[in-house]
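What follows is a short report on a single structure.
The values are calculated or read from the model by the stated rules, or taken from the named source; none is laboratory data. Since we're looking at a predicted model, the values are computed, not measured. Cβ: placed from backbone, ideal geometry, glycine included. Neighbour counts: every protein chain shown. Protein only, heavy atoms only, side chains kept; ligands, DNA and RNA dropped before computing areas. Shrake-Rupley method; radii C 1.70, N 1.55, O 1.52, S 1.80 Å.
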Amino acid sequence: MPILRRVHNLTSTAGIVALAAAGVAVVALLSCIALAVRLRRVRSDQRAVLGSGNDDLVTHAATLQQQFEALHDYVQDIAAELNRRVESSEQRLDHAIAYSALIRYDAYGEMSGRQSTSIALLDTHRTGLVLSSIHHRDQARLYAKQVREGQPELELSPEETEAVRLALESGYPDGPSA
């Protein structure tokens, strides 16, 4: 108790030092309480992010990185497959009918009307066929002639030539230029 006798007067040096120490202790105690509350909030937030597992933040980040890499690889595989399918579809569409034209005419110069027709059906490579249906009063004939890259394999009639010309002039906006 000899120390308390010296401190009984708070205006003495020992009393002032004791008051200062008590003030520092109160500030330290309040700081500890504030830090404990903040740590509790951080741990709560960490549990929300990490889940209920025992992983720390670094392990969780590494796991996320692996999952993102796996997702990236999966997306790349899907994108490559989609590109392959689009290219395959484009190749098939190149062989679909892209140019067409129909010409009606009177093949025999009769007054029966324009019952005869020639139709040109060509793909983007300007390859296809020309069908001509020649109608007469008592009969009808159908002719088919092949066209490769805009050139007929057999000589075309003037109407068939006109059908090919009109078909190619009709244009195909995304196809190869003629």
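Summary of values
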quantity	calculated
Subset of the range 53-70 that is of a type outside the set (D, E, K, R) and not in a helix (DSSP H, G or I) - its residue that is modelled with the highest pLDDT	Asn54
Of all residues in the range 57-110 being touching a residue at least 60 places away in the same chain (Cβ under 8 Å) and farther than 15 Å from Thr124 by Cβ, the one that is nearest to the chain's Cα centre (by Cα)	Ala101
Residues that are modelled with pLDDT of 90 or more, hydrophobic (A, V, I, L, M, F, W, C) and open to solvent by 90 Å² or more (accessible area, probe 1.4 Å), drawn from the range 83-109	Leu102
Failed item, numbered, when Leu142 is tested on (1) aliphatic (A, V, I, L, M); (2) open to solvent by 90 Å² or more (accessible area, probe 1.4 Å); (3) in a loop (DSSP other than H, G, I, E, B)	(3)
